[in-house]
1. Just a yes or no: is a residue in segment 64-77 modelled with pLDDT of 95 or more, farther than 23 Å from Leu29 by Cβ and of a type in the set (Val, Ile, Thr)?
2. Just to verify a result, which residue in segment 92-105, among those that are in contact with a strand residue (DSSP E or B) (Cβ under 6 Å, 6 or more places away or on another chain) and open to solvent by 40 Å² or more (accessible area, probe 1.4 Å), is farthest from Arg30 (Cα to Cα)?
3. Just the residues that are of a type outside the set (A, V, I, L, M), more than 14 Å from the chain's Cα centre (by Cα) and open to solvent by less than 70 Å² (accessible area, probe 1.4 Å), please, taken from segment 106-122.
4. Is there any pair with a first residue in segment 26-51 that is modelled with pLDDT under 75 and a second that is part of a helix (DSSP H, G or I) and open to solvent by 70 Å² or more (accessible area, probe 1.4 Å) whose Cβ atoms are under 8 Å apart and which are 6 or more apart or on different chains, and what are they?
5. Condition first: of a type in the set (Gly, Ala, Ser) and in contact (Cβ under 8 Å) with a residue 12 or more places away in the chain. Now tell me which residues in segment 52-70 satisfy that.
6. Scan segment 31-63 residue by residue and report those that are open to solvent by less than 100 Å² (accessible area, probe 1.4 Å) and of a type in the set (A, V, I, L, M, F, W, C).
7. Which fully enclosed helices (runs of 4 or more DSSP H) of segment 43-126 have 2 or more residues being out of contact with any Phe, Trp or Tyr (no Cβ under 8 Å at 6 or more places or on another chain) and among the hydrophobic types (A, V, I, L, M, F, W, C)?
8. Six or more apart or on different chains, Cβ atoms under 6 Å: show the pairs whose first residue is in segment 102-127 and touching a residue at least 60 places away in the same chain (Cβ under 8 Å) and whose second is surrounded by 17 or more Cβ atoms within 10 Å (Cβ to Cβ) and not in a loop (DSSP other than H, G, I, E, B).
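The values are calculated or read from the model by the stated rules, or taken from the named source; none is laboratory data. From a predicted model like this one, the values you see are computed outputs, not experimental measurements. As a convention, Cβ positions derive from the backbone with ideal geometry for all residues, glycine included, and neighbour counts pool all protein chains shown. Remember, those area values only see protein heavy atoms, side chains included, never the ligands or the DNA or RNA. Shrake-Rupley method; radii C 1.70, N 1.55, O 1.52, S 1.80 Å.
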Amino acid sequence: VYLQKIMISNGFSKKIGNMILFKSPDVALRRIIMARDIKELKHLNQKVVIELFDEFYGSELMVMAKAVSAPVLIVAGDQDEIATLKSVTMLASQLQNTLLEVMENSGHLVPLERPGAVAEVIKAWLK
C-alpha cells in the first residue's frame with residue numbers, strides 16, 4: 001500500500017507511469033493526455049484508487065471469462081505494457097464469442113490515444 005500511495009501522489013512516478021501507459025506516436029497528444037491525467041489524479045480519493053487496483057489485480061479474470069456468454073469486443077494496444085498482447089490474447093481465448101482488435105502504435109489506454117480508430121472499430125462491431 002505504501003508504494004501504491006507513492007505512485008499515486010508523486011508527480012515524477014506518475015510521469016514514468018504515463019510513459020508506460022501511453023504509446024501514441026503523436027507526441028503532442030501524449031503530452032495532452034499525460035497533463036490531463038496528472039491533473040485529474042489530484043482530485044481522486046487515494047484510498048478508493050488503491051482499493052480499486054487491489055480488487056482488480058486480485059480478481060481471477062481467466063476464470064470469470066469462461067462464464068461470459070455475451071459477445072465481447074476487446075480493443076488492445078500492440079505496445080501495452082500493462083495488459084500485454086499475450087495476456088489479452090489469453091483472455092480472449094477464454095471467452096466464447098469474442099473479437100480481438102489490436103491497435104498499432106498504442107499503449108494501455110487506446111481510446112485516449114486513438115479515439116477515432118477505436119470508435120470505428122466499435123461501430124463496425126456493433127453492426
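1. yes
2. Initially, segment 92-105 is screened for residues in contact with a strand residue (DSSP E or B) (Cβ under 6 Å, 6 or more places away or on another chain), giving 92, 95, 98-103.
When the remaining residues are screened for being open to solvent by 40 Å² or more (accessible area, probe 1.4 Å), the result is 98-102.
Values: Thr98: 29, Leu99: 27, Leu100: 24, Glu101: 22, Val102: 19 Å.
Filtering segment 92-105 for residues that are in contact with a strand residue (DSSP E or B) (Cβ under 6 Å, 6 or more places away or on another chain) and open to solvent by 40 Å² or more (accessible area, probe 1.4 Å), the one farthest from Arg30 (Cα to Cα) comes out as Thr98.
3. Pass one, segment 106-122, residues of a type outside the set (A, V, I, L, M): 106-108, 111, 113-116, 120.
In the following step, the residues that additionally are more than 14 Å from the chain's Cα centre (by Cα) were identified as 116, 120.
Gly116 - this is the single residue of segment 106-122 that is of a type outside the set (A, V, I, L, M), more than 14 Å from the chain's Cα centre (by Cα) and open to solvent by less than 70 Å² (accessible area, probe 1.4 Å).
4. Ile38/Lys15
5. The first filter runs over segment 52-70 and keeps only residues of a type in the set (Gly, Ala, Ser), leaving 58-59, 65, 67, 69-70.
Ala65, Ser69, Ala70, listed by residue number.
6. Matches in segment 31-63: Ile33, Met34, Ala35, Ile38, Leu41, Leu44, Val48, Val49, Ile50, Leu61, Met62, Val63.
7. Details: elements: 46-58, 61-65, 85-94, 110-113, 115-126.
Where helices (runs of 4 or more DSSP H) fall fully within segment 43-126 and carry at least 2 residues being out of contact with any Phe, Trp or Tyr (no Cβ under 8 Å at 6 or more places or on another chain) and among the hydrophobic types (A, V, I, L, M, F, W, C), they are 46-58, 61-65, 85-94, 115-126.
8. Within 6 Å, the pairs are Ser106/Gly77; Ser106/Glu113; Gly107/Leu21; Gly107/Gly77; His108/Leu21; Leu109/Leu21; Leu112/Ile33; Arg114/Met103.
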